[in-house]
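Structure, as structure tokens:
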Amino acid sequence: MSKNTKGVIPGFGISFGISVSILSLIVIIPLCSLIVFSSQLSISDFWEIVTRPRVIASYKVSLVTSFTASVINAVMGLIMAWVLVRYKFPGKRILDGMIELPFALPTAVAGISLAHLTVSEGPVGALFAKFGIDIAYTNIGITVAMVFIGIPFVVRSIQPVLEQVENEYEEAAFIMGAGRFETFYRVVLPEIRPALIAGFTMAFARCLGEYGSVVFIAGNKPYETEIAPLMIMGELQEFDYPAATSVALTMLVMAFVILFINAVFQSRASAIISGIR
Amino acid sequence: MNREDPKIVKAVLIGITTVFLTVMLVLPLIYVIYTALRPGLETFIAAVTDKYALHSIYLTLIVTLMAVAVNIVFGLYTAWALTKFSFRGKKFLSTLIDLPLTVSPIIAGLIFVLTFGRQSFLYPYLNEWGIKIIFAVPGIVLATVFVTFPFISREIIPVLNAQGKDEEEAAALMGAGAFQIFRQITFPHIKWAFMYGVVLCSARAMGEFGAVSVLSGHLRGKTNTMPLYIEILYQGYDFTGAFAVSSILVVMAILILIARNLLEHRSKNKFLK
């Protein structure tokens, strides 16, 4: 690296040095130890652990509930973003300000509150129990907790794009005789689709790894309502580090696949924002 | 030009939004406060002034302060390095900074257990020097720093990138030192973004549960932060106690949301990330 690319601004050495040292301590060394530790596992042991029926069942529970919750969040997020961008009504600022609540509220607090509300003696649970629907300690409960934590992702992903969509196109489509639904479907939706998918995948990845808000409402019954992060936690409590690491590695791979898909759509979403500007 | 949606569509969509947010967000929040206060104020005060409760509040404050302090130092220096200079591996560095966002909190806990735990090659040395990291407070702090790692730098970097580096270059040519440039030129630009990052970081640090839960070892009165203490109470069927301690965190969450909205208004930063 030649000296002149650093320019005249002082402080490169110290700022680079401090960043890299803290980064090493917090991220690089721990991740390396994960890699070192997993390289000591034999492939057959790894495969035996990650294909145990109970582990497979936990992946299934995690994937199905995360996916369902993210679909619900995608639909609700689209409606909420639309309402918050396009309409003016009293109380709008309060609704808008509330969206980030799942980030601000500790997950354990959300978890016990949702669980306590939805057990069959709880105020909401009793209501559903009349129709024979149990929420707490079932996959429905896990999905509810995941919907809670996923709310901000889709809304905040679509909002900026929706604000940038030019009205002229919609007006033109309208004048040319397109119906309201057709205008939305053909003109608005293609513009916001990348942001919608990006928000969906971010929520999906977050739900897959979520622990705090889910454990209290899940019931944690093996094969039925046990999520993958809880499997890792269980193995850790028995000090079975190889098993915990194997399950963690498969989950990391899932998360990276999801985030790779996200990165592809994210770059398209930002291309649309800058294209409109 | 009648581009407005018909009144009925508008009313239905606003209705759906309001009902959904009320049921999903407001109801759980109010329920915490309601359950905490239902048995009476005295029970509530007894629960939150319990010896273990006070200790968990104290530990949460310490952990949050330390995590925020590390992230402030890291966030400012990293933002400076990444936006004022070009060097090889810059993209890689910023990818690594964002990485903790994509890792499950349980896995975050796991990697620290693998790094400092009994089977690690570091363990004999740590043991010899009498340093306890996992199942102790340092581990909790490390895990909290990990999960909040990108929060401050990610807020500052876009602002600095947008601002460019002409002003700093001019100041440097006129002979200003690094610290003087930062204090007089850079910081005023990033003031609101920085505070916004600190708010986000404190919120997450205060409430982190999964990663901290892996590393705490659950020693009552020693390594329990508030979320962990809430879990213990809840699992011991002390619902009143659990909700009483939770209500403190609920109030904090509401304050954080208000601060967030005020700061967003100031910085006109519409983006969450």
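Each reported figure results from applying straightforward, stated rules to the coordinates on display, with no laboratory input. Since we're looking at a predicted model, the values are computed, not measured. Positions of Cβ are generated from backbone atoms using ideal geometry, with glycine treated the same way; all protein chains shown enter the neighbour counts.
Between rounded, prolate and oblate, where does chain A land on the alpha carbon gyration tensor, with a ≥ b ≥ c its root eigenvalues, rounded for a/c under 1.5, else prolate if a/b exceeds b/c? Here chain A falls in the oblate category.
When +1 charges are put on Lys and Arg Cβ atoms and -1 charges on Asp and Glu Cβ atoms, the dipole computed for the protein assembly as shown relative to its Cα centre reaches about 980 debye. Kirkwood's formula applied to the C-alpha pairs of the protein assembly as shown gives a hydrodynamic radius of 24.9 angstrom. A Gaussian network model of chain B, with springs between Cα atoms under 10 Å, assigns the largest mean-square fluctuation among B:Phe87, B:Phe146, B:Phe74 to B:Phe87. Taking label positions 7 Å along the Cα-Cβ direction at both B:Asp238 and A:Ser39, the computed distance is 4.7 nm, reported to one decimal. Using the Cβ-Cβ distance between A:Arg52 and A:Cys32 with R0 = 22 Å, the FRET efficiency computed as 1/(1 + (r/R0)^6) comes to roughly 0.20. Quarter the surface of the alpha carbon convex hull of segment A:59-99 and you get the mean projected area, 3.2 square nanometres. Where only DSSP H runs of four or more residues are counted, chain B gives -23500 deg cm²/dmol as its mean residue ellipticity at 222 nm, each run worth -39500 (n - 2.57). Magnitude of the charge dipole for chain B, about its Cα centre and with charges confined to Cβ atoms of Lys, Arg (+1) and Asp, Glu (-1), is about 400 debye. For segment B:159-256, chymotrypsin sites (Phe, Trp or Tyr not before Pro) meeting the loop criterion (DSSP other than H, G, I, E, B) and having at most 12 other Cβ atoms within 10 Å: B:Tyr237. Here B:Ile230, B:Ile72 are placed in order of increasing Cβ neighbour count within 10 Å, fewest first, which gives B:Ile72, B:Ile230. Summed over qualifying helices (DSSP H, 4 residues or more, each -39500 (n - 2.57)) and divided by its residue number, chain A shows a 222 nm mean residue ellipticity of -24000 deg cm²/dmol. Rounded to the nearest 20, the Cβ-based charge dipole of segment A:145-277 about its Cα centre (Lys and Arg +1, Asp and Glu -1) stands at 200 debye.
For chain B, the membrane-span-like helix rule (DSSP H, alpha carbon extent of at least 20 Å along the helix axis, mean Kyte-Doolittle at least 0.0) picks out B:7-21, B:51-84, B:187-207, B:239-267; this says nothing about an actual membrane. Take every pair of alpha-carbon atoms less than 8 Å apart whose residues are at least six positions apart; their mean separation over the length of segment B:39-267 yields a relative contact order of 33 percent. Segment A:165-219 and segment B:92-167 have their alpha-carbon centroids 33 Å apart. Only Cα pairs under 8 Å and 6+ residues apart enter the sum, and on that basis the relative contact order of segment A:44-276 stands at 31 percent.
For segment B:19-138, pairs of C-alpha atoms spaced more than 24 angstrom apart make up 61 percent of the total. Out of the trypsin sites (Lys or Arg not before Pro) in segment A:35-136, which ones are loop residues according to DSSP with at most 12 other C-beta atoms within 10 Å? Hits after loop and neighbour filter: A:Lys88, A:Lys130. Here chain B yields Rg over Rh of 1.05, to two decimals, using C-alpha coordinates and the Kirkwood radius. Mean per-residue shielding of peptide B:17-26 is 6, counting Cβ atoms of other chains within 10 Å of each Cβ. By definition, a body whose alpha carbon gyration tensor gives a ≥ b ≥ c is prolate when a/c is 1.5 or more and a/b is larger than b/c, and segment A:1-66 fits this prolate description. Shown here for segment A:47-131: GluC sites (Glu not before Pro) in loop regions (DSSP other than H, G, I, E, B) with at most 13 other Cβ atoms within 10 Å, namely A:Glu121. Calculated FRET efficiency, B:Glu169 and B:Leu65, Cβ-Cβ r, R0 45 Å, to nearest 0.05? Efficiency at R0 = 45 Å is approximately 0.80.
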